[in-house]
Amino acid sequence: MDVRALRYFVETVRTASFTRAAQALFVTQSTVSKMIRQLEDEVGTPLLIREGHTARPTDTGRIVYERGLHILGAMQQLNAEVREAVELRRGELVVGIPPMINVLFTPVVKRFREQHPEIRLTLREDTGQGVERLVAAGELEVGATVLPVSDQGPLQSERFGSYALWAVGPPKASWHGKTAVPLAALRDIPLLIPTDDFALTRRLRAACLQHGFTPTIAAQSAHWDFLASMASADLGVALLPEPLMRKLNVRGVSTARLARSGVQWEIGHIWVQQRYLSYAARAWLDVARQVLGTGKSMRKRRD
């Protein structure tokens, strides 16, 4: 059913006149008459009783008029909601963020709230691999993870940060007072690292093997502050990304940048390139670029 013809019909019944309906709709009277005839042909029965310059609905016409009011009202509401979504005045967005990355997003969330207060934002915490699975499966539109992502999957990524790793140890660590310590110097020292679900841990294990040793793991945790606490208690040396160090109280511990390790903590947003991104998701990425910046290259799946 042609919505425009329905609108012309409803206006004609409301005004009881083809002429007044045409004036209200800013069209000619013949246009109104033609559209209503098309509607009657489609319905298969007369909808109006024409009496001179007036028009009143038939029994069928009253049904079409009443239903038409609901349909046109719903269309008006639909258009309003679409405009609000496009203008970011309504909607919701769920962003996947691993626990060790979330410290970077406080200023992003603040800016997003300031620019788009009507968007309901939810941050869903999961491991990097978990976020990647959720985005690939379509349960999340966008997320953050440690790069690189697999070339074999559907994910596209955009880097927004690359950070050095730091060693955090007890006050009497052998490298206390140094500004940097090589990974090889930690060959015989128990390490405190994130759980194996974290991409950073997998990269650290690989880097140790490249330096000729298998790391001795004292403990693993998904919580960076707990790793630092264990390090201060002389249970081992924690390896943490630089942004986390800014949140850490370093009094009473030894800290040094991890040098010549070949491992950087690279962070990026991920989404599926071929899948539609909502206006809210695109706004989130734009805000993140404003606050965090972006890498020079876009990493895409290689066919």
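The values are calculated or read from the model by the stated rules, or taken from the named source; none is laboratory data. Treat the numbers as computed from the prediction; the structure is a model and nothing was measured. Cβ placement follows ideal geometry from the backbone for every residue including glycine, while neighbour counts extend to all protein chains displayed. Quick note on the areas: whole protein, heavy atoms, side chains included, nothing else; ligands and nucleic acids left out. Shrake-Rupley method; radii C 1.70, N 1.55, O 1.52, S 1.80 Å.
Overview of results
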quantity: Positions within region 194-215 being among the β-branched types (V, I, T), open to solvent by 20 Å² or more (accessible area, probe 1.4 Å) and touching a residue at least 12 places away in the same chain (Cβ under 8 Å), in sequence order; calculated: T195
quantity: Single match in S174, S232 (criterion: surrounded by 19 or more Cβ atoms within 10 Å (Cβ to Cβ) and at pLDDT below 90); calculated: S232
quantity: Residue in region 49-62 that is over 16 Å from T12 (Cα atoms) and assigned to a helix (DSSP H, G or I) present; calculated: no
quantity: Qualifying residues in region 130-152 (those that are at pLDDT 90 or above and assigned to a loop (DSSP other than H, G, I, E, B)) - the one most open to solvent (accessible area, probe 1.4 Å); calculated: E139
quantity: Identity of the residue in region 95-110, within 13 Å of P241 (Cα to Cα) and touching an Asp or Glu at 6+ places or on another chain (Cβ under 9 Å), that ends up most open to solvent (accessible area, probe 1.4 Å); calculated: N102
quantity: Lone qualifier among L183, L155, L191, L165 - being surrounded by 14 or more Cβ atoms within 10 Å (Cβ to Cβ), at pLDDT 90 or above and under 16 Å from the mean Cα position of the chain (by Cα); calculated: L155
quantity: Matching option when the condition is of a type in the set (S, T, N, Q), modelled with pLDDT under 85 and in contact with a helix residue (DSSP H, G or I) (Cβ under 9 Å, 6 or more places away or on another chain), among T15, T54, T19; calculated: T54
